[in-house]
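What follows is a set of notes on a single structure, which appears directly below.
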Amino acid sequence: DGKPDLARTAVRRSAEAMRATAAADLGGEGSAYERVRGYLLRERAVLRGCRVGGLAQDPDIVAEPALREPLEETFAWLRGRLAEVLEEGRASGEFDGALDPPGTAAAIVAVVQGGYVLARAAGDPAPFRQAVEGLLGLLDARTRP
């Protein structure tokens, strides 16, 4: 019906694509740690940034609730799915009992999104990789041998 509907459709499609990719990474085979690690280390076009994260930085999109909603829903879903996987790992004894799944999930999303920003600012994917490797080091400290 016009530009607003076209924008809503584009935002929703980007959000759905991000969810599908993350769902495949987090729902695959392996331990909770391996699935989170797979999500973090999967091939990404780091210098292009995250389509959903980039949309969340657009002032016209965040000013419009109908356009912002799929972004909010997608990031909430991602934090929730990561928290579920981390809780599975804690319940199975893979992670120690002090691990905070919701807080750690929020940190994972923040590191990935921030890593995109740092890499784009540097014009180099190295800051993204460094952020992810640092996060994996922190997760390693919470795993039980």
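Using only the Cα atoms of segment 20-92, build the gyration tensor, take square roots of its eigenvalues as a ≥ b ≥ c, and label the shape rounded, prolate or oblate: rounded if a/c is under 1.5, else prolate if a/b is larger than b/c, else oblate.
Values: a/c = 3.45, a/b = 1.78, b/c = 1.93.
Taking the square roots of the gyration eigenvalues as a ≥ b ≥ c, segment 20-92 is oblate.
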Qualifying GluC sites (Glu not before Pro) for segment 32-94 [loop in DSSP, other Cβ within 10 Å: at most 14]: GLU43
On the Cα set of segment 30-145, report Rg and Dmax in Å, please. 15.2, 48
Could you sort ASP60, ASP96 by their accessible area in this structure, using a 1.4 Å probe and putting the largest first? ASP60, ASP96
Taking θ as phi - 60°, what are the ³J(HN,Hα) couplings along segment 51-64 by the Karplus curve (6.51, -1.76, 1.60), each to the nearest whole Hz, with x for Gly and Pro? 4, 6, x, x, 5, 5, 9, 7, x, 5, 6, 5, 7, 9
If each DSSP helix of 4+ residues adds -39,500 (n - 2.57) and the sum is divided by the residues in the chain, what number results at 222 nm, nearest 500 deg cm²/dmol? -25000 deg cm²/dmol
Once phi is turned into ³J(HN,Hα) by the Karplus curve 6.51 cos²θ - 1.76 cosθ + 1.60 with θ = phi - 60°, what whole-Hz value does each residue of segment 103-115 show in order, with x for glycine and proline? x, 5, 4, 4, 5, 4, 4, 5, 5, 4, 5, x, x
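The values are calculated or read from the model by the stated rules, or taken from the named source; none is laboratory data. Since we're looking at a predicted model, the values are computed, not measured. Don't worry about glycine lacking a Cβ; one is built from the backbone with ideal geometry, like all the others, and counts go over all protein chains shown. Ligands, DNA and RNA are excluded from the accessible area calculation, which covers all protein heavy atoms including side chains. Shrake-Rupley method; radii C 1.70, N 1.55, O 1.52, S 1.80 Å.
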